[in-house]
Amino acid sequence: MATAQSSPPPVTDERSTEVVSGPSAGVKYAAEAIGTFFLVFTVGAAVGTDSHLAPLAIGAVLMVMVYAGGHISGGHYNPAVTLSVLVRRRIAVGNAFMYWIVQLGAGLLAAAVVSGIVDPSQAAKTVTMPLTGHALVAAFVAELLFTFALCYVVLNVATSKSHPDNSYFGLAIGFTVLAGAVAVGAISGGAFNPAVAIGIGLMKLVNFSQLWIHLVADFAGGAVAGVVFKQINPEDR
């Protein structure tokens, strides 16, 4: 989400695969950890307590964390977004791997904190049965489509040369997640993020044995978004 000098934060503060000056690696990783932690924590706490405003809370926390950390780390908070930025060649491979480690670690920590503060009887009511047949395919397609949408929006509003210095990137990104959660949350669980998927799996908010649905669909959606962006913006390198 943070970009080069002519582009707004977020998606990354690197023009290509070459690291440029800016915040130190440790500072970037800390920003990613904080943003991812609060995203996964909000998902777990809102869904685990059966809040009817869960989609709004999730979209809102992502929005504010993107605004808070976009100028530091790019504000990915999502391994699928990091993959799309990697495909777009706005982050180095080594940095991408470190982002993934930090994001997943923060998600695990958030899951542990939520498990410790949410009433177990409330969380137990959200456990789902294994998906089969049409429901499994529907969940996979829903996750793939909205993860693609999220990553596609990130790349366009936060890395495109056509939108230098815009101030709406966080709002667009947060509202994409809000729209996805409302539209297909009941179909797939509405993770759109491998770190969130692992977190909600550990919190028993989705069936852990079928976590692969989220992981495969989310990473595929991110990769496809990166490829599509490059194809329709051939001059935007």
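Observations
- Residues of segment 84-118 satisfying the condition of being of a type in the set (Val, Ile, Thr), in a helix (DSSP H, G or I) and touching a residue at least 40 places away in the same chain (Cβ under 8 Å): VAL85, VAL87, VAL93, VAL102, VAL113, VAL114, ILE117
- Hey, GLY174 surrounded by 18 or more Cβ atoms within 10 Å (Cβ to Cβ), touching a residue at least 24 places away in the same chain (Cβ under 8 Å) and outside any helix (DSSP H, G or I) or not: no
- Search result, residues across segment 119-165 that are modelled with pLDDT under 90, of a type in the set (S, T, N, Q) and in a helix (DSSP H, G or I): SER121, GLN122
- Scanning segment 154-171 for residues that are surrounded by 18 or more Cβ atoms within 10 Å (Cβ to Cβ) and either among the hydrophobic types (A, V, I, L, M, F, W, C) or within 17 Å of ALA60 (Cβ to Cβ) (or both) gives VAL154, LEU155, VAL157, ALA158, PHE169, GLY170.
- Residues that are of a type in the set (Phe, Trp, Tyr), in contact with a helix residue (DSSP H, G or I) (Cβ under 8 Å, 6 or more places away or on another chain), more than 19 Å from LEU171 (Cβ to Cβ) and modelled with pLDDT of 95 or more do occur in segment 96-118.
- The set of residues in segment 183-196 being of a type in the set (Val, Ile, Thr) and farther than 10 Å from ILE58 by Cβ consists of VAL184, ILE187.
- Given (1) without any contact (Cβ under 8 Å) to a residue 24 or more places away in the chain; (2) crowded, with 19+ Cβ neighbours inside 10 Å, index of the condition PHE146 fails: (1)
The values are calculated or read from the model by the stated rules, or taken from the named source; none is laboratory data. Model, not experiment: these values are computed from the prediction. With ideal geometry, Cβ positions are generated from the backbone for all residues, glycine too; neighbour counts draw on all protein chains shown.
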